[in-house]
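Engineer: First the structure, which I've put down as structure tokens, then a few questions once you've had a look.
The values are calculated or read from the model by the stated rules, or taken from the named source; none is laboratory data. Here the structure is a predicted model, which is why all the values come from computation and not from measurement. Glycine also receives a Cβ, built like all others from the backbone with ideal geometry; neighbour counts cover every protein chain displayed.
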Amino acid sequence: MKYKAVYDVLNERRQTTPGFCYDDRSGWRASPQTYMTIQRPLWIIAEDPATGRRLWITQEGTRFSIAIRRMDEQRHNYGPTYHITCENRTKLAQILRYQFESKTLAV
């Protein structure tokens, strides 16, 4: 699988953290492929109540990024959005794991 390391981190978090969920809207799974699915092959929204964060995990063209916002108990976003850019899928998975393990927002 193209993004195996990223999905491994997400699935591990889902299995070990109550309430964690993610919505996979990735274009690489789409059939037929369109301009938008090609431009945004990775697009996942993850909600982690344990850390109080919502993460948007994306790839646009060759750029990988994670956008992070705080989330309250009702799962509403608040505060600023933090952006992390990654050079490849492996680094993206490493940074995701670090975000899930960190008690504070690590940007």
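Engineer: Residue under question is Gln94, and the condition is that it be under 19 Å from Cys21 (Cα atoms), out of contact with any Lys or Arg (no Cβ under 7 Å at 6 or more places or on another chain), of a type outside the set (A, V, I, L, M) and surrounded by fewer than 12 Cβ atoms within 10 Å (Cβ to Cβ); does it hold?
Structural biologist: no
Engineer: Filter the stretch 13-29 for residues that are free of Cβ contacts under 8 Å to residues at least 24 places away in the same chain and part of a helix (DSSP H, G or I); which is surrounded by the most Cβ atoms within 10 Å (Cβ to Cβ)?
Structural biologist: Taking the candidates together, the pick is Gly27.
Engineer: Answer yes if at least one residue in the stretch 73-89 is at pLDDT below 90, of a type in the set (A, V, I, L, M) and surrounded by 14 or more Cβ atoms within 10 Å (Cβ to Cβ), and no otherwise.
Structural biologist: no
Engineer: Still on this structure: What are the residues in the stretch 57-86 that are among the charged types (D, E, K, R) and closer than 24 Å to Gly19 by Cβ, if any?
Structural biologist: Arg69, Arg70, Asp72, Glu73, Arg75 - these are the residues of the stretch 57-86 that are among the charged types (D, E, K, R) and closer than 24 Å to Gly19 by Cβ.
Engineer: Next question, about the same structure. For the stretch 18-72: of the residues being touching an Asp or Glu at 6+ places or on another chain (Cβ under 8 Å) and modelled with pLDDT under 90, which is farthest from Tyr7 (Cα to Cα)?
Structural biologist: Gln39
Engineer: Could you grab me the full set of residues in the stretch 74-107 that are free of Cβ contacts under 8 Å to residues at least 12 places away in the same chain and either of a type in the set (A, V, I, L, M, F, W, C) or over 14 Å from Val9 (Cβ atoms) (or both)?
Structural biologist: Gln74, His76, Tyr78, Gly79, Pro80, Thr104, Ala106
Engineer: While we're here: Might you check whether a residue that is under 25 Å from Lys103 (Cβ atoms) and either without any contact (Cβ under 8 Å) to a residue 12 or more places away in the chain or charged (D, E, K, R) (or both) occurs anywhere in the stretch 59-68?
Structural biologist: Within the stretch 59-68, the first condition is being under 25 Å from Lys103 (Cβ atoms), and the residues that meet it are 64-68.
Next cut, either without any contact (Cβ under 8 Å) to a residue 12 or more places away in the chain or charged (D, E, K, R) (or both) only: none.
So far as the stretch 59-68 goes, no, none of its residues is under 25 Å from Lys103 (Cβ atoms) and either without any contact (Cβ under 8 Å) to a residue 12 or more places away in the chain or charged (D, E, K, R) (or both).
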